[in-house]
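Working notes for the structure below.
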Amino acid sequence: MKKYIILALCLMICWGCATFSQHYKDGTQAEMAKNWDEAIQYYERALLENPNNSVYRLALFRAQVLARNSHLSQARQLAAQGNKEKALKEYQNALSYDPENRMILDEARRLSQEQVQKEEWVAENMKPPVELDVKKEKIALKFVQEADLRSIFKALGKHAHINILFDPGFRDMSLSIDLQDMTFIQAMNTLCLSSQNFFRVVDENTVLIVPDTPQNREKYDLVALKTFYLSNVKVKDIQTPLMQMLRRLAQVPKISIDETLNSITIKDNPEVLETAEKLIRLWDKPKGEVMIDLEIMEVSRKKMKNLGLSLDSYGVSGLYGTSGEEESTGWINVDEIDFSNTENYHISLPVGTLRFLESDVDTKIISQPRLRGIEGEKIEYIVGDEVPIPRTTFSPIAVGGVSQQPITSFDYKNVGIEIYITPEIHFEQEITLEMEVKIKSLGGSGYGDLPIITTREVKNIIRLREGETNLLAGLLKDEERKTLKGIAGLKQIPVLGGLFSNTDQTIQQTDVVMTLTPYIIRSIPLKQEDTMPVWMNTGKGFSSGTSQQVGLKASRMEETRPQAAPLDKPSPGENRFYFSPPEYRGAMGRDVRMRVRMDSAERIQNMSLTLSFDPNVLELKEVQKGNVIQSFGENPSFLGNKDNASGTCIIGFSSPDVALGFKGSGNLATLVFKPKAAGESEILISGYTCHSITGESLNFHTKNSQVLIR
């Protein structure tokens with residue numbers, strides 16, 4: 001019979017050990033060591049053995065996400081260092097775990113220069129209801145001597161076969177002008193600008209010349225109504241800044257919003273509508289999204305020791321009574337007390353027990369949540385229990401009576417771990433986390449057996465690179481209690497006192513360790529067009545503020561506008577230092593971030609750059625390394641000295657390998673300024689020295705930046 005019992009116990013133990021397969025256990029160990037690829041292999045084997053096990057399926061999915069994020073982070077780091085082949089290999093490994101991720105695929109294609117240029121959204125100018133039917137032939141008119149303005153307009157109209165009409169308020173004047181090698185539209189625009197007039201298209205063959213006054217603009221300008229539907233931002237958030245911007249073009253912009261459809265409707269001339277559309281497209285960007293991997297481990301250890309003599313009671317009791325046959329009345333006369341008869345009384349002594357109890361308990365709790373959230377929005381993670389705390393109030397039984405009726409209600413308090421994180425994504429592939437961690441536990445009972453809640457709380461703001469792990473530890477709680485009980489007078493005797501006493505000792509230790517690793521799932525999509533200026537008041541002289549109102553193609557209009565050189569595409573063989581953005585306008589209380597960029601057609605071995613700014617307006621807080629410096633390895637030679645007293649800053653670097661330097665375009669450093677006072681400050685490059693890998697001095701073009709603080 002004993003054999004069968006032992007066999008049954010062995011089978012139960014083996015069944016309990018075989019709850020999870022060995023492959024799953026090996027995968028868990030590999031995942032704890034952050035060997036994601038190895039963990040995936042073990043989880044796949046465990047899932048093949050038991051395809052219906054949901055635990056294996058979730059573990060495999062978790063490991064695949066972690067492996068994808070790890071390979072993606074390594075690929076971005078290698079790409080920043082210029083190691084294209086290894087970066088593409090890491091992108092392929094990331095895609096193998098998430099083949100439908102378009103973001104990873106686009107990054108890999110851009111790196112391999114195999115991406116086909118997609119047709120991006122371009123703001124199309126509004127077409128007017130009526131356009132001029134005019135030929136594109138060049139005009140050969142030149143008025144060397146002063147002539148009447150009315151005659152010039154008529155001669156121009158006769159040349160282009162267009163009827164020219166004049167407003168009753170038109171004032172003639174003498175003018176000499178050269179209109180050679182211009183189209184009809186360009187010539188009309190030049191004349192109107194010179195004489196402070198504008199023209200309105202009446203039909204395909206007729207133009208009306210009107211003096212350029214606010215009253216005439218309101219009377220003759222074309223007015224359009226257009227609705228813009230927003231996708232990423234709330235319409236109420238951009239209503240006020242949009243109105244402030246459009247006031248520069250219109251006196252009172254007519255704007256109405258619909259929060260239900262998240263749309264904004266604007267009524268104004270076409271130039272205002274085009275500017276509004278460009279601004280809305282610049283602001284209506286999707287917010288960035290991050291994923292945060294947390295690993296929380298709570299280690300609890302409790303030691304108990306109970307040694308010595310333990311008595312059931314620390315008192316001696318006695319009982320006296322007569323043993324006669326007569327009925328006892330409960331009263332005894334003093335002269336009848338007889339201690340010689342042992343049958344009349346008895347004495348109870350305490351029962352003693354020798355205790356040799358000692359226990360040691362270890363508890364380890366591990367939680368691995370994965371939190372995904374939007375930039376600027378708070379992420380909350382709460383795990384634990386809700387403990388009811390009674391609260392008693394007193395109220396009168398009747399109106400006007402004494403408050404003596406108790407009413408008990410309960411407040412529920414969270415006991416466990418509470419984590420609140422607000423992420424912010426930076427353009428340098430870094431993430432700022434505003435973090436608050438609360439750890440609450442039951443610390444015993446207090447007055448009226450009410451629970452005592454102990455709290456450990458940490459508030460911090462940290463900035464991490466994508467994929468960088470931060471360790472938070474030291475939330476230690478150490479509690480020791482020691483109780484000594486024994487016979488009074490005897491327990492104080494040295495050495496022998498331990499035979500007449502009992503020692504009860506309890507030691508409890510609790511520590512919490514947390515690791516935090518952020519990943520960027522999606523950042524704000526910025527294009528080169530987003531960094532270009534939005535031109536305003538470019539349509540002076542035209543009928544409603546835009547060239548398209550009179551049939552001029554966009555390519556013609558670009559000839560009359562100042563062209564801004566692209567920032568990220570230098571001319572071949574050009575060396576230059578410049579700032580991004582080239583112009584900044586901001587308010588007090590907000591940091592100014594200025595990137596110092598460099599374009600080099602030759603390999604640079606070392607360089608130093610001296611920058612100047614107004615110390616009365618700006619204060620330089622930090623000089624951050626750019627991707628140019630980070631491409632040299634983990635500990636690059638970088639100089640970032642700042643002197644706010646004189647308003648100067650010196651930045652520089654030296655390549656660790658004399659045969660290899662930096663070549664191409666990149667971000668040299670990021671300057672973080674704090675506004676001190678309202679005003680204007682120019683950030684300029686006052687000097688530089690630069691040498692190639694051959695020791696030759698290199699010349700650079702420099703361009704300064706303007707900062708305006710309101």
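We did not get these values from a lab; they are worked out from the coordinates using the rules stated. Here the structure is a predicted model, which is why all the values come from computation and not from measurement. Here Cβ is always computed from backbone atoms with ideal geometry, including for glycine, and neighbour counts include all displayed protein chains.
In order along segment 645-652, phi translates into HN-Hα couplings of 5, 9, x, 10, 8, 10, 10, x Hz, rounded to whole numbers, per the Karplus curve 6.51 cos²θ - 1.76 cosθ + 1.60 with θ = phi - 60° and x for Gly and Pro. When the C-alpha to C-alpha distance is required to be over 32 Å, the pairs from Lys459/Lys703; Lys154/Lys254; Lys459/Lys674; Lys84/Lys674 that qualify are Lys459/Lys703; Lys154/Lys254; Lys84/Lys674. Computed from the C-beta positions of Leu261 and Val672 and an R0 of 45 Å, the FRET efficiency is 0.70 to the nearest 0.05. The length gained by stretching the chain between Gln239 and Ile452 to full extension, at 0.36 nm per residue less their Cα-Cα distance, is 71.6 nm.
Taking amide H as placed 1.01 Å from N in the peptide plane, Ile524 has its amide H under 5 Å from the amide H of Gly288, each at least 5 places away in sequence or on another chain.
Close amide-amide hydrogen proximity is noted between Ser686 and Thr610, Leu611, Ser612, each under 5 Å apart and 5 or more residues distant or on a separate chain (H modeled in the peptide plane; Pro and chain starts excluded). Derived scalar couplings between HN and Hα for segment 128-136 equal x, x, 10, 10, 6, 9, 10, 7, 8 Hz in order, rounded to whole Hz, by the Karplus curve 6.51 cos²θ - 1.76 cosθ + 1.60 (θ = phi - 60°), x for Gly and Pro. Summing charges over neighbours of Gln239, with a neighbour being any other residue whose Cβ is under 14 Å away from its Cβ, gives 0 when K and R count +1 and D and E count -1.
Each label was represented as a point 7 Å from its Cα along the Cα-to-Cβ direction; for Asp37 and Ser348 these points are 7.7 nm apart. Label separation (Lys25 vs Glu131): 7.8 nm, computed from points 7 Å beyond Cα along the C-beta direction.
Can you give the Kirkwood hydrodynamic radius for segment 650-710, in Å, rounded to one decimal and based on Cα pairs?
When all Cα pairs of segment 650-710 are included, the Kirkwood radius is 14.6 Å.
Residue-wise HN-Hα couplings along segment 214-230, as the Karplus relation 6.51 cos²θ - 1.76 cosθ + 1.60 with θ = phi - 60° gives them from phi, are x, 5, 5, 4, 5, 7, 9, 5, 6, 10, 10, 10, 9, 10, 10, 9, 8 Hz; Gly and Pro carry x. Over the C-alpha trace of segment 175-287, radius of gyration and Dmax come out as 18.0, 57 angstrom. In this rough spin-label picture, where each label sits 7 Å from Cα along the Cβ direction, the Ile493-Leu105 distance is 8.9 nm. Using Cα centres only, tell me the gap between segment 157-174 and segment 680-710 in whole Å. Answer, in whole Å: 52.
Using the Cβ-Cβ distance between Lys158 and Glu377 with R0 set to 51 Å, the FRET efficiency from 1/(1 + (r/R0)^6) comes to roughly 0.20.
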